[in-house]
Amino acid sequence: MTSREQDAVRLLLLIDGACEPLTAAEKAIPALEQAVGVMRTQVKLQKLDFWLRNPDYLANELLTEYESEREEALLDIAGRILDSEEPEVRRYPMLRHHFGAYEWLDDALAVLRSAGLLVRRRRGTVDRVRQHDYFLLAHGRHVAREIIRQAPAFGYYVQRVELVMRLAGEKSGTELKKQQYLTREYAETPRGSRIGAISEQARRRLAVFRQELQEQEAGGV
């Protein structure tokens, strides 16, 4: 389990690395004049955080991308993750909710909001909120940079956010949810239960791809 403060730092670094530019209309809102980017929808935030919290699933997605693109760099990156203890020591499981991976993040986000690092805006009606958008403020970006400067170990999350965003691209939260449901172990997790690890399955896939690559290279000599 992680603490509220650990979650707050991870989410700050995630939002800083994954947020998109504001629209012209958003820039004109007085409450957002200090905003430097926005993470749209809690669904997307949860799905990106899932890959950040589960290195085994992140590596497995890199292997899936390698399978279609055959870019050896993807195999190398997945290998560095799976050859290490990262999938075990860096893994923080999430629940499988109706909309996929989910964890209660409101307390951690409240830390960021109360510190003046983030602004949350709701979309929808009084009776039904359709989505939450999270606007990173300039002070939030400054604090994120200071965290990395003062505690370089948190640079791990910056590096992993870059990998997460390589996989996510411009996909919406709903598209990411569908992508994550393609992994059988994820999809078959009973609702309300923790999504189990797939590190051994991913390591077996890695071994198969490495063997195929070795055979191809040997055949080309």
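The values are calculated or read from the model by the stated rules, or taken from the named source; none is laboratory data. In this text, all values refer to a predicted model and were calculated from it rather than measured experimentally. Methodologically, a virtual Cβ is constructed for each residue, glycine included, from the backbone with ideal geometry; neighbour enumeration extends over all protein chains shown. Ligands, DNA and RNA are stripped out before the accessible areas are found, and what is left, the full protein with its side chains, is counted by its heavy atoms. Shrake-Rupley method; radii C 1.70, N 1.55, O 1.52, S 1.80 Å.
Here are the numbers for the structure shown:
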| read-out | value |
| --- | --- |
| Total formal charge among the other residues, if their Cβ is under 14 angstrom from that of Ala108, Lys/Arg +1 and Asp/Glu -1 | -1 |
| Net charge of Cβ neighbours under 10 Å - reference Lys171; Lys, Arg +1; Asp, Glu -1 | +2 |
| Å² per residue, accessible surface of the chain at 1.4 Å | 52 |
| Low-density loop cleavage sites - GluC sites (Glu not before Pro) in segment 89-179, where at most 14 other Cβ are within 10 Å (DSSP) | Glu170 |
| Value of relative contact order over the chain, rounded to a whole percent, pairs C-alpha under 8 Å and six or more apart | 30 |
| Chymotrypsin sites (Phe, Trp or Tyr not before Pro) restricted to segment 22-109 and DSSP loop, no more than 11 other C-beta within 10 Å | Trp104 |
| Along each principal axis, Cα extent of segment 1-118, largest first, Å | 48, 33, 27 |
| Where Rh is the Kirkwood radius over Cα pairs, Rg/Rh for segment 78-214 | 1.01 |
| Rounded percent of accessible protein surface that carbon and sulfur make up, segment 1-90, 1.4 Å probe | 50 |
| Only Lys, Arg (+1) and Asp, Glu (-1) charged, at Cβ; the chain dipole about Cα centre in debye | 1020 |
| Two-decimal Rg/Rh across segment 1-67, once Rg and the Kirkwood Rh are taken from alpha-carbon atoms | 1.09 |
